[in-house]
Amino acid sequence: MHTDLPSPEDPEEPPSRGRLASLKEFHSAGRGFWGNIPDADWHDWRWQLRHRITTLEQLQRLMPTLTPEEFAGTQLANHRLALAITPYFFNLIDPADENCPIRWQVIPRVEETHTASWEMSDPCGEDSHSPVPGLVHRYPDRVLFLVTDRCAAYCRYCTRSRLVSNATGYDFHPDFAGQIEYIRQHSEVRDVLLSGGDPLLFNDERLEHLLSQLRAIPHVEFLRIGTRIPIFLPQRITPQLCDMLRKYHPLFISIHSNHPRELTTEVRDALARLADAGIPLGNQSVLLRNVNDDPVVMKAHLQKLLLCRVKPYYLYQCDLISGSAHLRSSVRKGLEIMEKLRGHTTGYAVPQYVIDAPDGGGKVPINPDYILSRNADRVVIRNYEGKVFEYPEGPDGTPMTAPPVEIEEALV
Ligand code: SF4
């Protein structure tokens, strides 16, 4: 029971909406309803996990503005993808705004039960590329190492909603010994991505046990962790965790942030601790309707990521996950956003837009058309302003050379 939640008769100061005013400013998530909680508890990631909002009753108490769609969606959530929101992340929701971009990401809606024939439970075809429980080997030189089916909070569009939270009864059981042995036996695997669920939910000792075994495999060059913990639970990024992680370089971390409001002062500080530990940071966003499918919002988000020392890495077209149509934006909109980024802001801020091809086809890069034509002696291109240029090139792709000049002529 979440005994620290205030009752409706004991109202706390509601979260200030002023902090959400500017997309480019850093604001604290604040304490909101949890104003009386001691600092030591609030900053303790285990306290945050223990006090997650996981039931309809808690949600109604904290957010009397729940819409009928959210009410019905939350009633059904535990049959599809569980409800869980950390108190910290909950405070980023603007309860007065039905279209709050944070709200749409974590509060279930009844539309999740509307499924179409082209939607899938495993849109990336992971289960069919899994030689060992918990390991996905889909690309030649790298593997996905699933660590857990639990996350600090659950994203309503999750590609792995078939297994995360175990609401569907998938009963995910990774076989760590088998996963590690598979990698040991496959010398072509030089890159291991730990994901889940969220690997940073493990305590430091459990996580280090896995990292040290992987690092001991001579052909594993590169370790990566995919995590949304810095966004949902920045308190987890402790100095002790960073000290442990830095022992396993080269180690990269891909975070998952979708909207500039997620980049609070708490998140910025957590990311700074990771960056100071020498960990290169990238971000993966999902293009989501009502959340970030707007060029102004997207640009502010990407620029703010750079301020947090995070390189925007991928922008994903939302996978065809069952019941996600209300959150999916169009490829046309994604291309329009990319068009308004390239050339209009720092190149480092521009992610690669990709579609993870349905049924395990892998990531396909999607770009606006900058090549207008390829002729026998030139490539015709346009720039971000629409100006047209020609780049000379032979029909077989060889660089064009000037016609030979007589030596005597050249010496004149
Ligand atoms: S954090 Fe990642 S794995 Fe967990 S629910 Fe969100 S998208 Fe899915």
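The values are calculated or read from the model by the stated rules, or taken from the named source; none is laboratory data. All figures in this text were calculated on a predicted structure; none of them were measured in a lab. Cβ placement follows ideal geometry from the backbone for every residue including glycine, while neighbour counts extend to all protein chains displayed.
Structure notes:
- Residues being aromatic (Phe, Trp, Tyr), farther than 19 Å from residue 231 by Cβ and touching a residue at least 12 places away in the same chain (Cβ under 8 Å) are represented in the stretch 326-349 by at least one member.
- Selection status of residue 234, surrounded by fewer than 20 Cβ atoms within 10 Å (Cβ to Cβ) and either out of contact with any His (no Cβ under 7 Å at 6 or more places or on another chain) or not assigned by TED's automatic domain parsing to the domain that holds residue 197 (or both): no
- Residues that are part of a helix (DSSP H, G or I) and either at pLDDT 95 or above or in the same structural domain as residue 155 (by TED's automatic domain parsing) (or both), drawn from the stretch 76-97: 87, 88, 89, 90
- Test result for residue 133, more than 12 Å from the ligand (Cβ to nearest atom) and in the same structural domain as residue 226 (by TED's automatic domain parsing): yes
- Condition check for residue 128: more than 13 Å from the ligand (Cβ to nearest atom) and either acidic (Asp, Glu) or in a helix (DSSP H, G or I) (or both): yes
- Qualifying position, being more than 16 Å from the ligand (Cβ to nearest atom) and part of a strand (DSSP E or B), among 220, 192: 192
- Of residues in the stretch 191-225 being touching an Asp or Glu at 6+ places or on another chain (Cβ under 8 Å) and within 19 Å of residue 149 (Cα to Cα), the one modelled with the lowest pLDDT: 196
- Restricting the stretch 143-168 to residues that are surrounded by 19 or more Cβ atoms within 10 Å (Cβ to Cβ) and charged (D, E, K, R), the residue that is nearest to the ligand (Cβ to nearest atom): 160
- Residue list for the stretch 264-312, filter: of a type in the set (Ser, Thr, Tyr) and surrounded by fewer than 17 Cβ atoms within 10 Å (Cβ to Cβ): 265
- Elements of the type strands (runs of 3 or more DSSP E) sitting completely within the stretch 305-412 and holding at least 2 residues that are over 23 Å from residue 282 (Cα atoms): these cover 371-374, 378-382, 388-392.
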